[in-house]
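**Student:** Below you will find the structure I want to go over with you.
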Amino acid sequence: MCVRESKSFPSLWIIFLVLGLAQGLTEIDSQDPEDPEDPFSSTDEARFDWPWSRNKTTKGTPAGLNLKNEYAQMEIASFSDFERHPCRRVCQQGQSQTCYYQLVVHNYQRLGPECQRCQYDERACAAEYCLFGDGVASPVMAVNRMIPGPPIELCENDTVVVDVLNYLGEATTMHWHGLNMRRSPEMDGAAFITQNPVQPGEVYRYEFLADRSGSLWYHSHMGWQRGFGVAGHLIIRQTRQANQHAHLYDYDLVEHALMVQDIFYDHELTTVRNILINGKGRNHLNQLPDNDNRHRYERLRVTPGYRYRMRVLLNGIDNCPVEFSIEQHKLLIISTDGNDIEPVLADGFFLTSAERFDFVLEASQVAKNYWIRVRGYEQCEGLKLYQGAVLSYRGATRSELPRGNILVSPQSRALDADNFLKPTNISGQSKALSAAPVLVNDYRIMPTIAAGPAAFLRLATAEKDNNVGTVALRSLQPVPWPRNTKFRTYYSSFSLRRAPNGEMLFQIDEISYIPPGISLLQGRHLFQDDGYFCNRSSLAAQGRNCQQDVCECLNVIRMPAYRPIEMVVANYMVNTHPFHVHGTSFHLVGQGVVGNMEDLRNIQQLDRQGLLPRLPDHYHAVLKDSVQIPGLGYIIVRFISNNPGFWLYHCHVEAHAVQGMMAVLKIGENHQIKRIPARVRC
Ligand SMILES: [Cu+2]
């Protein structure tokens, strides 16, 4: 029996919490949440006086730092939203810091007792930590009383120290989505894979290096907690010299980071009821008492003539991909999943769960209010779910909403594109206006095998096409392997089948995932892999036919370390699934639709026939950590397995993952994986 080493709350923590709550309330009360005369007042770095930042800078990463004493003062000051956190700064060469955060995960309520005044007075919402949501009361789980949780902003190569305090009535973990944890696999936050869960009343300290930049995020990796609200932005910036897209925009404000989420009410987990943007929005289906709906939408302020970097992520819970667009504005897409790409000027983009897109918006239109439009598809389309936020130009009336509709027909979209005024200074990206909107990552349109490899390549390379597939995006960097590298190919599948008892089984490799009882990373020496794990090959060797039997076990796919790896992942279902692996990002070299496969042998056969083409190395295949597998389609991803460990591999639709659409990649042998004896007491 092994027990993870964790600390119970000392009474000091409680005192800090109480003081922190009081401090947070005082700060919010004493300041104007948004000065209409100066929308950048809280973010103008030159005028911002960080009260304690100068003395806290620690160059490098000192080993053996006395963390508790070092951070005692900040534990009080930085409790709530990190708006004045010293690590929120202009990134400079050679000025890495150690950044401390406290994330309190707790039960909370949407439209709870904090919201009495908020229904009538917009400013009261922030002051009272009211989660108004869409005006429907529901139990939620929040981080520091916020949904999304407080955004964490820091610089590349900062060392991050986060204490996660579990005030829930159940166990939790925190995953740092997009970081590969190359030196610290035990900090990945995958429950029962890289750590045992943090029990109620415990605090768990995550420490890791922010060894990359980009739009990342943090979220719980236990059960449905991400759907209840335990998620937030993790924004890692670069120095201006290192930022290859720095010349494309003037401002990069955290207020312009958007988290889109489909939500459920109460504990009806599989019934999606609305989509919210940064936790806000209206319930368009029900005419709820809503005294002043003008303030219910998230509002993004811009000043005419400037260019803004905006970041969007989908914290998707059910099968609900979304389309994102902004009325009468083009979006210059510059990054996906935190990885810079060659800019693509588009009218909109699609997100499946966990995907992120960063774009530059040029505030070049008439100064008024415009709809930011999020439209749900699949389950959300059937329920007619959509949501809006407001792009509000300085000079426009703040209290007004845009005049048009949030939900528009394709015909209206075409008119919208025609009304667009040509951008004046988005460099080099002006192109002929077209009535057909240019959409990126549209899950509905994919090349078919019937069209053959030539059609695939045309999609991948022709930027003039209005449909820019995910696989058509190009990374700024070349792929990291030499020419003519031979990859070891693994075939895998996502599927759904009905068990004899009627239960719906979401599966990878036709196996429903059963989590282990002990964290694999720490406990790996305690069991024999062959006896403890299963996988497609081992079950076949035992004579099991998982197309007839119900196969439920701990699916661990073993791969050698430090090798070029290729995964061909087939989706037997008609709806798209977001594929995600921990511990590595991957280059997307193939993606398409092939029709009904039902058996991996069929897709292997297609591959042998040369019908699943790969992008050539010179294409600079896009780097992702989450990507959609089209319905009845496939993806081909490549990576170098240079991060030995146990890494979760799963569908990022929460509803699917919790029902078994998960597996584990074991990269390398036990002796190649980092030893973490201090975290296990046996
Ligand atoms: Cu799925």
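**Student:** Taking LEU611, is it open to solvent by 10 Å² or more (accessible area, probe 1.4 Å), in contact (Cβ under 8 Å) with a residue 40 or more places away in the chain, more than 16 Å from the ligand (Cβ to nearest atom) and in contact with a helix residue (DSSP H, G or I) (Cβ under 7 Å, 6 or more places away or on another chain)?
**Tutor:** In short, yes.
**Student:** Now for a different question. Would you call VAL589 outside any loop (DSSP other than H, G, I, E, B), away from the ligand (no atom under 16 Å from the Cβ) and in contact (Cβ under 8 Å) with a residue 24 or more places away in the chain? Before you say what the answer is, go through the steps one by one.
**Tutor:** On the way: outside any loop (DSSP other than H, G, I, E, B): yes; away from the ligand (no atom under 16 Å from the Cβ): yes; in contact (Cβ under 8 Å) with a residue 24 or more places away in the chain: yes.
Yes; evaluated as a whole, the condition is true for this residue.
**Student:** Let me ask something additional. Which condition from (1) within 16 Å of the ligand (Cβ to nearest atom); (2) touching a Ser or Thr at 6+ places or on another chain (Cβ under 6 Å); (3) at pLDDT below 95 is the one that ASP266 breaks?
**Tutor:** Going through the list (1) within 16 Å of the ligand (Cβ to nearest atom); (2) touching a Ser or Thr at 6+ places or on another chain (Cβ under 6 Å); (3) at pLDDT below 95, ASP266 breaks only (1).
**Student:** What single numbered condition from (1) modelled with pLDDT of 90 or more; (2) of a type in the set (A, V, I, L, M); (3) over 24 Å from PHE646 (Cα atoms) fails to hold for LEU521?
**Tutor:** (3)
**Student:** For region 562-586, which positions are open to solvent by 10 Å² or more (accessible area, probe 1.4 Å) and more than 16 Å from the ligand (Cβ to nearest atom)?
**Tutor:** TYR562, ARG563, PRO564, THR584, SER585
**Student:** Continuing with the same structure: Would you pick out the residues in region 154-189 that are open to solvent by less than 10 Å² (accessible area, probe 1.4 Å), of a type in the set (Asp, Glu) and over 21 Å from CYS87 (Cα atoms)?
**Tutor:** The one that is open to solvent by less than 10 Å² (accessible area, probe 1.4 Å), of a type in the set (Asp, Glu) and over 21 Å from CYS87 (Cα atoms): ASP188.
**Student:** May I pose another question? Out of region 534-556, which residues are touching a residue at least 24 places away in the same chain (Cβ under 8 Å), more than 16 Å from the ligand (Cβ to nearest atom) and open to solvent by less than 20 Å² (accessible area, probe 1.4 Å)?
**Tutor:** LEU539, CYS546, CYS551, LEU554, VAL556
**Student:** Can you give me the ranges of the strands (runs of 3 or more DSSP E) entirely in region 258-341 with at least 1 residues that are of a type in the set (Ser, Thr, Tyr) and free of Cβ contacts under 8 Å to residues at least 60 places away in the same chain?
**Tutor:** The qualifying strands (runs of 3 or more DSSP E) are 307-315.
**Student:** What number of residues within region 499-520 satisfy the criterion of being more than 16 Å from the ligand (Cβ to nearest atom) and touching a strand residue (DSSP E or B) at 6+ places or on another chain (Cβ under 6 Å)?
**Tutor:** Here the count works out to 4.
**Student:** For region 348-373, which positions are polar (S, T, N, Q) and not in a loop (DSSP other than H, G, I, E, B)? Explain how you work it out, then say what you get.
**Tutor:** First, the residues of region 348-373 that are polar (S, T, N, Q): 352-353, 364-365, 369.
Of everything in region 348-373, just one residue is polar (S, T, N, Q) and not in a loop (DSSP other than H, G, I, E, B), namely ASN369.
**Student:** If you scan region 581-638, which residues turn out to be among the polar types (S, T, N, Q) and closer than 13 Å to ALA472 by Cα?
**Tutor:** Result: GLN591, single match.
**Student:** Then there is this: Being open to solvent by less than 10 Å² (accessible area, probe 1.4 Å), within 16 Å of the ligand (Cβ to nearest atom) and over 17 Å from LEU496 (Cα atoms) is true for just one of SER626, SER641. Which residue is that?
**Tutor:** Selected residue: SER626, the only one of SER626, SER641 that is open to solvent by less than 10 Å² (accessible area, probe 1.4 Å), within 16 Å of the ligand (Cβ to nearest atom) and over 17 Å from LEU496 (Cα atoms).
**Student:** Could you tell me whether VAL664 is aliphatic (A, V, I, L, M), within 19 Å of ARG563 (Cα to Cα) and away from the ligand (no atom under 16 Å from the Cβ)? Break it down stepwise before answering.
**Tutor:** Numbers: aliphatic (A, V, I, L, M): yes; within 19 Å of ARG563 (Cα to Cα): yes; away from the ligand (no atom under 16 Å from the Cβ): yes.
So VAL664 passes the test.
**Student:** Among the candidates HIS650, HIS620, single out the residue that is away from the ligand (no atom under 16 Å from the Cβ), touching a residue at least 40 places away in the same chain (Cβ under 8 Å) and within 22 Å of GLY214 (Cβ to Cβ). Before the answer, list the steps.
**Tutor:** Working: HIS650 fails: away from the ligand (no atom under 16 Å from the Cβ).
From the options HIS650, HIS620, the qualifying one is HIS620.
**Student:** I would also like to ask the following. Can you find a residue in region 92-102 that is open to solvent by less than 10 Å² (accessible area, probe 1.4 Å) and of a type in the set (Phe, Trp, Tyr)?
**Tutor:** The answer is yes, given that some residue of region 92-102 is open to solvent by less than 10 Å² (accessible area, probe 1.4 Å) and of a type in the set (Phe, Trp, Tyr).
**Student:** Kindly provide the set of residues from region 554-579 that are more than 29 Å from GLN379 (Cα to Cα) and not in a loop (DSSP other than H, G, I, E, B), ordered by number.
**Tutor:** Correct list: VAL556, ILE557, ARG558, MET559, PRO564, ILE565, GLU566.
**Student:** Another one. Take region 128-145 and flag every residue that is in contact with a Cys (Cβ under 7 Å, 6 or more places away or on another chain) and either touching a residue at least 24 places away in the same chain (Cβ under 8 Å) or among the hydrophobic types (A, V, I, L, M, F, W, C) (or both).
**Tutor:** CYS130, PHE132
**Student:** Go through LEU300, LEU351, LEU391 for me and flag whichever is under 23 Å from HIS219 (Cα atoms) and at pLDDT 95 or above.
**Tutor:** One residue alone meets the criteria, LEU351.
**Student:** Can you tell me which of (1) within 25 Å of the chain's Cα centre (by Cα); (2) within 20 Å of LEU600 (Cα to Cα); (3) not acidic (Asp, Glu) is the one PRO480 doesn't meet?
**Tutor:** Single failed check for PRO480: (2).
The values are calculated or read from the model by the stated rules, or taken from the named source; none is laboratory data. Everything numeric here is computed off the predicted structure, so don't read it as measured data. Cβ atoms come from the backbone with ideal geometry, glycine included; neighbour counts cover every protein chain shown. Keep in mind that these areas ignore ligands, DNA and RNA; they rest on the heavy atoms of the full protein, side chains included. Shrake-Rupley method; radii C 1.70, N 1.55, O 1.52, S 1.80 Å.
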